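The values are calculated or read from the model by the stated rules, or taken from the named source; none is laboratory data. This is a predicted model, so every value here is computed, not measured. Here the Cβ positions follow ideal geometry from the backbone for every residue, glycine too, while neighbour counts run over all protein chains shown. These area figures cover heavy atoms from the full protein model, side chains too; ligands, DNA and RNA do not enter into them. Shrake-Rupley method; radii C 1.70, N 1.55, O 1.52, S 1.80 Å.
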Amino acid sequence: MAKVLEDVSRTFNEFLLLPNLTDERCIPENVSLRTPLVKFKKGDKPKYEANVPFVSAIMQAVSGVDMGIALAREGGCAFIFGSQSIEDEAMMVRRVKNHKAGFIKSDSNVKSGTPLKDVIKLIEETGHSTVMITKDGTPNGKFLGLVTDKDYRVSRVDLNDPVDNYMVPKKKLVTGKSGITLNEANDIIWDNKISCLPILDDKGNLDSLVFRKDYENDKNNPLSLLDEDKRYIVGAGINTRDYMERIPALVDAGVDMLCIDSSDGYSVWQKNTIEWVRKTYGDSVKIGAGNVVDKEGFLYLAKAGADFIKVGVGGGSICITRETKGIGRGQASALMDVVEARDEYFKKTGIYIPVCSDGGIVHDYHITLSLAMGADFVMMGRYFARFDESPSRKVKRNGTFYKEYWGEGSNRARNWQRYDLGGNKTKLTFEEGVDSYIPYAGTLKDNLAVTVSKIKSTMCNCGSISIPEFHEKARLTLVSNISIKEGSAHDVILKEIENNN
């Protein structure tokens, strides 16, 4: 007969945190949510750390360009969905990387004589409102001028006219010289009241660009997650089928981290993918793997060389894997089992592999519980899909706004690679996800600020001002259904209900 685990498969709803001594340090302003995203050796620092412990799910309805920018701006990281063409995913990564930087390489360029209609098409494709004109149309060609979407009126021009008729020529522009500092570039921008400063080399070739909005974003978003070139950090999802073609394109686009997007992480296909990455790129390319639900799965991927490991099968709000296949585990039980393996592996090898909790989060306090249980960060889909920055449509139903939200295992996503078990390529024969609506919640920034405040406040109640300290000090208790009811408003008439009547 099958081996049966003695422990019950538990969810976050079955636990509460116990308060610890709140000492003088424990005020929200002192709490740091900085956390490692990729593995590192004891005594070293990880290559990538997040300033808030959130990454967005590898889903069509969640992680596009806008989410990549918005989440990195708040200190987290988005993983661009991989269930699209290699070219489209690489383009999304490139757009996030080029959106924010001190000195950025221009990726919107045309040559002299280009018809205005082609420039307009480029603006629509890239989302950039400023296009550089160089002699040969390359990012480092002889600089001739620039054009913005404010330099022409589509309804009143001949779209076949050359862009030269509408561009602002170099002689009328303020430019900077290669070698100036970012502070000097920003001073030039402010002194001359301009939005964009082209940086030119000694031969008049375009070197890079500095934008006014980047300086303002820096000041307004001090937790922004940036690489060494001050570009936003972004991840991308891959599968175990076309990784030999997809990964090089993503690396060339500037991706910082990869993650295998699969419902089954305890798989030889993931091991083969990781081994190919190590053979091809060494440790320079960071790749996460999963999902797993126990020690055995964690150790398999750890030995394969994964840089972080995701935990969770069947716990997502749009996932029906448990219902259709009878496989999975309660998220709390899975997480604590994997974390125990992570800690044992660290003691034995001196290598710390971050654990990402993926699924089972309904309320904000579930995020805090997952951190208390040992997760280094959480991956969320429904949470982020509610916001303006997700790629899905906002719709109005019965007077209320919603966002569309569908699972990667749904017929709509048609992401058969995520559920691939090797062998011949086949399409999905049954669904493991649903197509749904979720209440629209507004902007990411406003909502994330509330969530972060709750987490910091709870950590203070538990006597902790960092995630590692929280891992060490947190105490949990199991709860009954009656104690859950006791913890919510009860035996009173809520005013909003009375007013609605």
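Couple of notes before you dig in:
- Pairs, first in contact (Cβ under 8 Å) with a residue 24 or more places away in the chain in region 77-97, second open to solvent by 10 Å² or more (accessible area, probe 1.4 Å) and part of a strand (DSSP E or B), C-beta under 8 Å, six or more apart: none
- So residue 87, is it open to solvent by 50 Å² or more (accessible area, probe 1.4 Å) and either under 32 Å from the mean Cα position of the chain (by Cα) or within 30 Å of residue 237 (Cα to Cα) (or both): yes
- Residue match in region 303-310 (condition: at pLDDT 95 or above, open to solvent by 20 Å² or more (accessible area, probe 1.4 Å) and either within 24 Å of residue 49 (Cα to Cα) or touching a helix residue (DSSP H, G or I) at 6+ places or on another chain (Cβ under 9 Å) (or both)): yes
- Meeting the requirement of 1 or more residues that are modelled with pLDDT of 95 or more and over 24 Å from residue 108 (Cβ atoms), the helices (runs of 4 or more DSSP H) wholly within region 190-299 are 243-253, 268-281.
- Among the residues of region 281-292, those identified as farther than 19 Å from residue 379 by Cβ and in contact (Cβ under 8 Å) with a residue 24 or more places away in the chain are 281, 285.
- Of all residues in region 223-234, none are in contact (Cβ under 8 Å) with a residue 40 or more places away in the chain, farther than 30 Å from residue 54 by Cβ, open to solvent by less than 40 Å² (accessible area, probe 1.4 Å) and not β-branched (Val, Ile, Thr).
- Taking residues in region 116-133 that are in contact (Cβ under 8 Å) with a residue 12 or more places away in the chain, and partners anywhere that are outside any helix (DSSP H, G or I) and basic (Lys, Arg), the pairs with Cβ atoms closer than 9 Å and at least 6 places apart or on different chains are 129/150; 133/111.
- The set of residues in region 400-416 that are at pLDDT 90 or above and either farther than 30 Å from residue 33 by Cβ or surrounded by fewer than 21 Cβ atoms within 10 Å (Cβ to Cβ) (or both) comprises 400, 401, 402, 404.
- Any chance residue 280 is in contact with a Ser or Thr (Cβ under 6 Å, 6 or more places away or on another chain) and among the β-branched types (Val, Ile, Thr): no
- Strands (runs of 3 or more DSSP E) fully within region 325-407 counting 1 or more residues that are within 18 Å of the chain's Cα centre (by Cα): 355-358, 377-380, 400-406
- Within region 438-470, the only residue that satisfies the criterion of being in contact with a helix residue (DSSP H, G or I) (Cβ under 6 Å, 6 or more places away or on another chain), under 18 Å from residue 74 (Cα atoms) and not in a helix (DSSP H, G or I) is 441.
- The set of residues from region 46-62 being at pLDDT 95 or above and open to solvent by less than 10 Å² (accessible area, probe 1.4 Å) comprises 50, 52, 53, 54, 55, 56, 57, 58, 62.
- Residue count for region 55-74, restricted to those that are β-branched (Val, Ile, Thr) and within 25 Å of residue 355 (Cβ to Cβ): 3
- Within region 29-69, the set of residues being of a type in the set (D, E, K, R), within 23 Å of residue 450 (Cβ to Cβ) and either in a loop (DSSP other than H, G, I, E, B) or in contact with a Gly (Cβ under 8 Å, 6 or more places away or on another chain) (or both) comprises just one member, 34.
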